[in-house]
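The values are calculated or read from the model by the stated rules, or taken from the named source; none is laboratory data. Given the structure is predicted, the values throughout are model-derived calculations rather than measurements. A quick note on method: Cβ atoms are made from the backbone with ideal geometry, for glycine too, and the neighbour counts reach across all protein chains shown. Only protein heavy atoms, including side chains, enter the accessible area calculation; ligands, DNA and RNA are left aside. Shrake-Rupley method; radii C 1.70, N 1.55, O 1.52, S 1.80 Å.
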Amino acid sequence: MRSVVDWNPAGCGALLMPAGPSDLEGSRECFSRLASRARALDLGAESLFLAWELAQLARRSAAAAGRPGPDDDQERSLMLLVLFLLISLAEGGTRLPLFDSSRLERLGALLEVTENEQRSIRELIDVACTVTSGGSADSWLSSIVGGPGDYRPLLVDHRCLYVQRLHVLEARVAAAFGKRVYSSCKEPVEERDDLLEAALEEVLRSPPLLGGAHSKRREELDESQVGAVRAALSGRIAVVAGRPGSGKTSIVATMLRVLSRVGDPPLESMALAAPTGKASDRMRQSIARHLSLLPDPARADRRLQEACPPSSTLHRLLGYSPGQERYWHDEHNPLSERLVIVDESSMIDLPMMDRLLRALRPDGRIVLLGDADQLPPVEAGAVFRDLCESRVAKDEGRVVVLEKSHRAREDDTGGKAILDLAGAINEGSMPGFSEGGGGIVTRGRPAEIAFQGVEHVAPEGAAGRAEVFSIWLDRLKASLGDPKEKLTGAFIEGPSGFDEASRKRLQGLFLRYESSRVLSVTRMYAGGTGSDAVNEWFHRRWARDFGNVAASRGSPFLLGEPVLVTRNDHSLRLYNGDSGLVLPVTSSSSARRLEIEPMAVFPRKEGFVAFPLEVLAGRLDLAWATTVHKAQGSEYDSVLVVLPDAPVRPLTRELLYTAVTRARCSVVLCGKKAMIEAAIGKEMARSSGLLDAVDSRSAG
């Protein structure tokens with residue numbers, strides 16, 4: 001007889017703990033073995049409990065209906081199949097292909113499934129597919145497994161196993177996207193199209209000017225960028241895909257300039273958004289910079305400079321309430337904006353894309369921009385990638401792919417090396433290594449690193465990595481001149497913000513700190529290569545070099561250390577991923593000057609803002625190094641990519657591509673050459689049915 005008390009979530013948690021009971025016997029032996037396997041895969045107690053609970057639901061439902069329930073082997077097979085599905089979801093997929101033998105074998109190996117268990121799982125899959133095709137309605141599985149349209153915990157569709165919620169979300173996103181593609185290609189040609197084309201021609205004749213005072217050059221859009229602008233200005237939806245630096249922000253700025261001339265929709269009826277606060281701010285800053293470089297702005301351009309649509313996070317745009325854990329805007333209370341432009345769309349997961357599309361007005365327009373080759377979102381799905389590959393959307397001109405990079409320029413030696421490496425990674429081919437004649441330049445010793453183009457160094461152990469880190473830190477300190485003088489002199493903040501001298505100093509500091517970044521594959525220790533371990537090394541070295549001068553009154557941070565916000569705080573206008581510096585700040589007024597206090601300083605549109613460290617307790621991390629995921633959407637002059645000593649799950653082709661394309665001029669790959677090869681050889685295989693659903697619905 002089973003003990004229900006032992007099978008509750010707390011009991012599952014106890015089984016997952018290393019100190020859990022080891023004398024399990026009888027009917028609990030299977031669960032104990034699964035617990036030890038799941039522990040190594042970071043599957044929580046809730047995953048095991050869900051697998052067991054579904055098996056019990058099938059058993060109880062069969063008994064209530066007077067049908068034979070599953071035997072012990074079938075129950076074990078069902079639990080294993082559910083765990084296969086949960087692993088697939090943890091890897092970012094939305095479903096589990098039931099007849100992909102190589103995938104099933106890989107998942108079976110992860111859970112140490114025996115040959116007999118694999119055979120039982122295949123038999124169970126055959127029964128599940130028979131049930132959902134109407135051939136065995138009296139099966140014990142029929143209470144928990146259904147087909148499209150059924151209300152069951154598990155659904156089988158297109159020979160794949162889904163959890164019911166993700167199947168519904170995938171179908172809704174496919175329907176919403178397909179409807180907008182279809183309505184776009186059916187829209188009649190109106191007089192507005194001629195006005196838009198005339199305004200576009202006027203804007204293209206007056207591009208911004210780049211360069212110094214003596215070497216100005218026109219930042220003209222190339223043919224694919226102009227095509228993207230035309231697609232974005234027409235239809236109910238447009239998808240613009242391009243590698244980092246391909247000019248997606250220039251496309252947005254050009255769109256806004258065109259629409260400011262036409263007035264349809266008006267500027268106040270547009271919204272700019274991104275998945276994170278940092279990406280939202282970068283979007284705003286890039287557009288502002290584009291507009292500031294116009295040599296002779298027209299009246300419409302000047303109005304746009306003064307009244308540019310605000311940028312926000314998707315959560316804020318949709319009215320997310322953390323307390324109620326719900327969104328204000330949906331299909332019953334749609335957004336008032338008639339045009340929504342979203343940057344970094346590759347970071348949007350399936351649930352968020354569903355919320356966004358449902359919140360749009362029926363006559364509203366949306367433009368999605370991103371890089372389909374970058375890391376997909378942390379949660380389920382690879383929505384942007386799937387939308388970019390839609391056959392119907394491509395045929396109807398709703399997808400535009402940008403090929404040229406304007407960040408790492410082809411005519412720059414370092415930039416071209418980065419572009420070549422990114423292309424090789426994308427194609428899954430190992431790039432060439434040389435002593436200095438092209439490709440990845442191999443450096444025998446850390447001291448030989450020149451921070452030019454793409455370089456590779458394979459230091460020996462922790463001591464070798466420490467030498468690389470020391471060179472990296474010395475380079476930053478050299479750019480600061482005298483770090484103690486730059487970082488310990490108080491920055492004066494008054495009622496209206498920092499004074500002019502402090503603002504100039506802050507601009508210089510942030511420019512230097514934000515020009516480079518150390519990137520780790522994972523946050524966990526990973527033999528000292530994870531971002532936490534790397535940050536700890538820099539923290540200790542910074543404390544050693546600056547001593548008590550840098551101490552911040554018992555805070556875990558030191559003066560001059562970069563920090564990263566880890567949780568959104570809407571009241572302070574700080575968002576996950578925002579970068580700042582810990583600096584000495586003094587408040588001043590005409591009457592008195594208060595004592596110096598270490599604060600976290602962050603850039604803002606209007607300048608800079610400072611917060612006492614205790615106000616942000618628990619919401620800041622060191623940011624000498626960040627994970628590649630955290631750096632997604634950022635750009636730097638130089639990046640140092642710290643590779644693990646052994647393969648870890650996040651080390652994939654997409655992650656390495658995302659890491660190297662953060663840089664404009666210099667990439668240093670630090671680690672074994674075998675880890676580069678391992679990353680390039682491992683493509684993220686997220687199984688999703690969105691692409692097929694979009695094309696079938698759009699075509700219909």
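Quick notes on this one:
- Kirkwood Rh in Å, taken over the range 341-433 so that all alpha-carbon pairs contribute: 15.4
- Over the C-alpha trace of the range 351-396, radius of gyration and Dmax come out as 11.8, 32 angstrom.
- Averaging 1/r across all pairs of distinct Cα atoms in the range 469-512 and inverting the result yields a Kirkwood radius of 11.5 Å.
- Taking each DSSP H run with n ≥ 4 as -39500 (n - 2.57) and averaging over every residue of the chain yields -13500 deg cm²/dmol at 222 nm.
- Hits among lysines - C-alpha to C-alpha of residue 486 under 19 Å, sequence gap 8 or more where chains match: 477, 504
- Value of Rg to Rh for the range 207-320 (Rh from inverse mean 1/r over Cα pairs, i.e. Kirkwood): 0.96
- Here the 3J(HN,Hα) profile of the range 535-543, calculated from phi with Karplus coefficients 6.51, -1.76 and 1.60 at θ = phi - 60°, is 4, 5, 4, 5, 4, 5, 5, 4, 5 Hz, Gly and Pro shown as x.
- Amide hydrogen neighbours beyond the local backbone of residue 587, cut-off 5 Å, H modeled: 493, 594
- Taken along its principal axes, the alpha carbon cloud of the range 52-145 reaches lengths of 37, 25, 21 Å, longest axis first.
- Accessible surface, per residue, of the range 309-465 when the full set of protein chains is kept, probe 1.4 Å, Å²: 44
- Listed peptides 269-276, 603-610, 334-341 by packing density, highest first (mean Cβ within 10 Å): 269-276, 334-341, 603-610
- Put the Cα centre of the range 615-690 next to the Cα centre of the range 253-291 and the gap is 29 Å.
- Cα Rg, Dmax, the range 646-700, angstrom units: 16.5, 51
- Remark on the range 254-299: ratio of C-alpha radius of gyration to 2.2 N^0.38 Å is 1.27.
- Distance histogram for the range 51-101 (every C-alpha pair counted, 10 angstrom bins, percent rounded to whole numbers): 26, 41, 27, 7
- For the range 75-103 versus the range 300-316, the inter-centroid distance based on Cα atoms is 45 Å.
- With every protein chain in place, the chain: carbon and sulfur % of accessible area (1.4 Å): 50
- The relative contact order of the range 551-700, computed from alpha carbon pairs under 8 Å that lie at least 6 residues apart in sequence, is 17 percent.
- In this Cβ point-charge picture (+1 for Lys and Arg, -1 for Asp and Glu), the chain has a dipole of about 1380 debye about its Cα centre.
- Measuring max minus min along each principal axis, the C-alpha atoms of the range 612-664 give extents of 40, 27, 16 Å (largest first).
- Tensor-based shape of the range 495-536 (alpha-carbon gyration tensor, a/c under 1.5 rounded, otherwise prolate or oblate): prolate
- Cut-off under 5 Å, modelled amide H: who pairs with residue 518 long-range: 626, 640
- Across the range 555-700, counting alpha-carbon atoms alone, Rg and Dmax equal 21.0, 73 Å.
- Order by protection proxy (mean Cβ within 10 Å, highest first), peptides 414-425, 90-101: 414-425, 90-101
- Phi-derived couplings, Karplus 6.51 cos²θ - 1.76 cosθ + 1.60 at θ = phi - 60°, listed residue by residue for the range 282-297: 5, 4, 4, 5, 5, 5, 4, 5, 4, 5, 5, 8, 5, x, 9, x Hz, with x used for Gly and Pro.
- For the range 62-169, the relative contact order is 27 percent, taking Cα pairs closer than 8 Å that sit 6 or more residues apart in sequence and dividing their mean separation by the residue count.
- Across the alpha-carbon set of the range 101-168, the Rg to Rh ratio works out to 1.00, Rh being the Kirkwood radius.
- Taken per residue, the accessible surface of the range 564-665 reaches 37 Å², heavy atoms only and a 1.4 Å probe.
- Of [x] 84, 59, 56; [y] 152, 61, 48; [z] 85, 69, 61, the label for Cα extents along the principal axes in Å derived from the coordinates: [z]
- Bridge type composition, the chain - antiparallel percent by DSSP, nearest 5: 40
- Cβ crowding within 10 Å averaged over residues, with 295-306, 170-181, 220-231 ranked highest first: 170-181, 220-231, 295-306
- Computed over the chain, relative contact order equals 13 percent, with contacts defined as Cα pairs under 8 Å that lie 6+ residues apart.
- Cross-link pairs exceeding 20 Å between alpha carbons, from the set 248/404; 278/484; 278/630; 179/394: 278/484.
- Coupling constants for the range 60-76 follow from the phi torsions by the Karplus curve (6.51 cos²θ - 1.76 cosθ + 1.60, θ = phi - 60°), and in residue order they are 5, 5, 5, 5, 5, 8, x, 9, x, x, x, 7, 4, 5, 5, 5, 5 Hz; glycine and proline get x.
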